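Here's the structure, in structure tokens; my notes come after.
The values are calculated or read from the model by the stated rules, or taken from the named source; none is laboratory data. These figures come from a predicted structure and were not determined experimentally. Heads up, the Cβs are rebuilt from the backbone with ideal geometry, glycines too, and the neighbour counts pull from every protein chain shown. Keep in mind that these areas ignore ligands, DNA and RNA; they rest on the heavy atoms of the full protein, side chains included. Shrake-Rupley method; radii C 1.70, N 1.55, O 1.52, S 1.80 Å.
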Amino acid sequence: MINTVLAKVFGTSNERAVKKLLPVVEQINAFEPSVAALSDEALRAKTVEFRERIAVKTNGIEDADALRAAEMAALDELLPEAFAVVREAGKRAVGMRHFDVQLIGGMVLHSGKISEMKTGEGKTLVATLPCYLNALAGRGVHVVTVNDYLAKRDAEWMGKIYEFLGLTVGVIVHDLDDRQRREAYAADITYGTNNEFGFDYLRDNMKFELTDLVQRGHYYSIVDEVDSILIDEARTPLIISGPTDQTTDKYARVNVIIPELERGELTETIEQKIYTGDYVVDEKHKAITVTDEGWEKIEKLLGIGNIADPENWDLKHHVETAVKAHTLYRRDVEYVVKDGEVIIVDEFTGRLMPGRRWSDGLHQSIEAKEGVAIRKEDQTLATITFQNYFRLYKKLSGMTGTAETEAAEFDKIYKLEIVVIPTNRPMLRLEHQDVVYRTAKEKYFAVADEIQRLHDNHQPVLVGTTSIEKSELLSQILQKKGVRHVVLNAKFHEREAEIVAQAGRLGMVTIATNMAGRGTDILLGGNAEFMARQELVKKNLARAVSAAEGAISPTAGPGMTRFYYQGQEFETSHQQWDSVFSDFAARAVEERAKVAEAGGLFIIGTERHESRRVDNQLRGRAGRQGDPGASKFYLSLEDDLMRIFAREWVSTLLQRLGMEEGVPIESNMITRRIEAAQKAVETQNFESRKHVLEYDDVMNKQREAVYGLRRGLLEGVDQKELILDDYLTTALSSALDANAPADVHPDQWKTTELFAALGDVFGPGLDREIDASQLNRHELGEAIYEKLRGRYEFKEQILSPQGMRYHERVIMLSVLDSLWKDHLLAMDHLKEGIGLRGYAQQDPLVAYKKESFEMFEAMMLRFQEDTLRTLFRMQIIGPDGTPIETPEQMAALRPAASPELEAVEVSSGENAAQIPQTMREIPIPTRAPQTTIDELEREFQRRKERELNAARQAGGDASAEPAAPRRAGEKVGRNDLCPCGSGKKYKKCHGAEA
Ligand code: ADP
């Protein structure tokens, strides 16, 4: 009962939301006559006028929030007229006039919500309205699509409207280099996939120069197929990872001693636990315990001192993991060894999972046990979840045909409301009741019979399956029956789209997985445009456009039309295009009438998907824009969903019904039961996505802090005061607190230790300069501070202020990156280990938050200290190898700098021009931390190579490769180019050992 009540309430609130927008539709319509009377030029001039109107409203506002509010208000005010202008441009540039419901969809997108619009309602065109309006603010609009093909298609198709109005359009696809990406992001509107946008963000945060960044902020984004991107893909975060330099010999060293150990038993009495042997194994909890005798034996076997000493912690962990590898992990049960590799066996399905690895050294321990090559661990260099990436946008919106079932998640995670937009024409699709068979086999034969029946009547059929194997199974049955059909198992989105697009032709039978060709419009009678493309290419009537040409300008020159065919872009004259296209269009109209008479497209579902949303997506393929059509699902009690989530219920049902072979049941009870199972799975999946997010949220705060600091460094924000007033005073107070606490009499102060500790960071000599015995605590602190500040200022005199700022920036960046990388690795380990805390009655998430916070604090302290140490202890060495100790010495050297290298410096950044070549060599001072200095050297090396690369590229050297982009799951190889875009090999850049 509640459900129908709720539905009504939801219905009315949705209706109210839509109704509120109707007066605006009228305003837009009222503009139509005057806008239609404008010449093309006058229409285009509207863009300039709108921009001026925004400028007037926002002029002189300094405060960022106030500016944003003023800008938003200006856009809201412009909306009716701007939408009218886009509608007019739509008519002129692509021959489509936005329907009134599309205007409503556009307004919902503009307001930062989700427009739920059924398939075929023209969401691609809807997006042009808010895209244009928001692009007027000049901060960039991102349109996110599910694949590269759709990004290109939509940018090309809708680009005609934007360019007509004088806006620029860019597309981000997989194979672009940084320069091309930067150009695409600089455009008013940028199309691309979620992966590309997310990875560009991560890569940008590994860059060393502001000018290398490709993105220019996260202002407004429209996510197409928003459920697929923000929900289905949200379970796996984006990760850029690379191999570490950790050695693997410990695994082998530990492995050989395990057989020497003796397995014991655990006997538990009420009073105590008695262990025997060297270790005991707890199979239920997959845990092991090494006994005290065991550890003694291990110490002897390994020839080490106390295993509990800090320097042996690592070995202790290795031993424990190796014992597990030998006792709890069995060959051919938990894993198999194939071609010299240890491959995990999935515990539920029994399937091999090549490529997956156990974490925390377990996989390596098993490799050692099996005597195969031990692979090094990978480590995360940068990572983010889609949830947190998309939260970066000041305004986020989305569109899809199927969002409503996930309303709670959109609201909770993204604060996105959903507005269901009415269809342009009444929906005519016939939705048949589900039919259920006892076995999968009976089901498939019934499906095949139905297809044959429909096919005999020339009605087109699109069959959705849950996997390629199931598509093929059905295909075999149809082959035996002699029914002609197409099986779609192409791996390429574009091929997929081409085939799916023709699924509405007379008598066509198409079998595809449920999600194949998502976003492709199925026109009854066939898609004339796709057929025209094919014809033009086959008959050589179009010219292939090279990739570089395509990236620079997504639209064709005057008189020419561009289109994609099988992943390649082509160009032909308007005339040529029109003549071929109109021919196909005429034929399609005739065929459409016949298909409509046969009942339109018939959708057959062969299994209910885990989520209702995907079922709805498949159903939605038919009955677009008031077309006739039908949908029907065929199920069996053997389907995964039934088996896994309703097993007992199913078997009782079987007994009760005593179903006969081949006879289906059509029952509301079953349909309801299936929906309940789907809802249960949806909830479970939501929980698991929430789980990923809860963990990422912890890191997100840290990532924001680090990226924020990094960004400030790139932007050249002056760090001197921060270093001297914040970092220096913090270090000083903690040294004082440790050695000269306020509550201890000066006689008791450990001044020797104090100066030693300070000397370690700031260089020796303070004890000679300051007589601590004559000072109180406050005076002592002041005296040290003044001395240290003096040293710093003196160094600055030698280097020049610009030189010092430059070194601060470079040193801080290197130190931060190196520590952050280590921190990410430590966080990975923490997350892996934290699951075990559940046993200790601790909420793992709470423990994770607490510990990661402590780790982060420690990292930031270390960052301050390493920064101080490097800056205070760096020495400036002249060309003859002797230190330069005075500004005068320095001055004498300046003209000696090599003009060639100075030129390199000039191009490397605004401040760098002042720094003579000699400054670029910073030798390793004694006792200074190796890590940061090494990093620094690498940094210089990186810059040098990058500049040489840039110079080479400018000179047209094709061998200078651009940095290769990375995808989720893809890893950087040691010899690949580093994802940060430095142009260096990964092993020499971010992958270099700290
Ligand atoms: P969706 O993504 O909502 O499923 P598409 O954007 O693929 O829909 O558009 C579906 C079809 O409707 C396309 O062939 C498009 O050309 C057509 N279409 C959309 N809007 C209009 C319109 N206002 N006038 C004419 N045709 C339109």
Given Cβ point charges of +1 (Lys, Arg) and -1 (Asp, Glu) and nothing else, what value in debye, to the nearest 20, does the dipole of the range 14-89 about its Cα centre take? 220 debye
From the phi angles alone, apply the Karplus equation (6.51, -1.76, 1.60; θ = phi - 60°) to the range 707-719 and give each ³J(HN,Hα) in whole Hz, x where the residue is Gly or Pro. 5, x, 5, 4, 4, x, 5, 5, 6, x, 4, 5, 9
Local charge sum around Gly526 (other residues, Cβ-Cβ under 9 Å, Lys/Arg +1, Asp/Glu -1)? +2
Of all DSSP beta bridges in the range 237-348, antiparallel share, percent nearest 5: 85 percent
At 7 Å along Cα-to-Cβ for each site, give me the label-to-label distance between Ala36 and Val256 in nm. 8.9 nm
Full-extension gain in nm, Val336 to Ser651, via 0.36 nm per residue minus C-alpha separation: 109.9 nm
Between Phe445 and Arg643, Cβ-based FRET efficiency (R0 22 Å, step 0.05) works out to 0.65
Rank by packing, highest mean first: peptides 93-102, 718-727, 128-137, with packing defined as the count of other Cβ atoms within 10 Å averaged across residues. 128-137, 93-102, 718-727
5 Å is the cut-off here: which amide hydrogens, built 1.01 Å from N in the peptide plane, fall below it relative to Val141, excluding neighbours closer than 5 in sequence? Ile189, Thr190
Ranked from highest to lowest mean number of other Cβ atoms within 10 Å per residue, what is the order of the peptides 823-830, 28-35? 823-830, 28-35
Each label point is 7 Å from the Cα along the Cα-to-Cβ direction; what then is the distance between the points at Thr244 and Asn29, in nm? 6.6 nm
Could I have the simple spin-label model distance between Asp309 and His829, label points 7 Å from Cα toward Cβ, reported in nm to one decimal? 1.9 nm
Would you kindly state how much longer the chain becomes between Ser573 and Asp65 on full extension, computed as 0.36 nm times their sequence separation minus their alpha carbon distance, in nm to one decimal? 178.0 nm
Among 665-678, 464-477, the order from most to least packed when residues are scored by Cβ within 10 Å on average: 464-477, 665-678
In this structure, the FRET efficiency calculated for Glu694 and Ala858 from their beta-carbon separation, with R0 = 25 Å, to the nearest 0.05, is 0.65
Accessible area per residue, 1.4 Å probe, Å², for the range 114-243: what's the number? 22 Å²
Nearest 0.05, what FRET efficiency do Leu301 and Ile343 give at R0 = 35 Å with Cβ-Cβ as r? 0.70
Could you order Ile161, Ile270, Ile288 so the one with the most accessible surface comes first? Probe is 1.4 Å. Ile270, Ile288, Ile161
Express the C-alpha Rg of the range 416-511 as a ratio against the empirical globular expectation 2.2 N^0.38 Å, rounded to two decimals. 1.27
Within 10 Å, Cβ to Cβ, of Tyr220, how many net charges do the neighbouring residues add up to if Lys/Arg are +1 and Asp/Glu are -1? +3
For Ala598, what charge total do you get from the other residues with a beta carbon under 14 Å from its beta carbon, if Lys and Arg give +1 and Asp and Glu give -1? -1
May I ask you to compute the full-extension gain from Glu49 to Arg484, defined as 0.36 nm times their residue separation minus their alpha-carbon distance, rounded to one decimal in nm? 150.8 nm
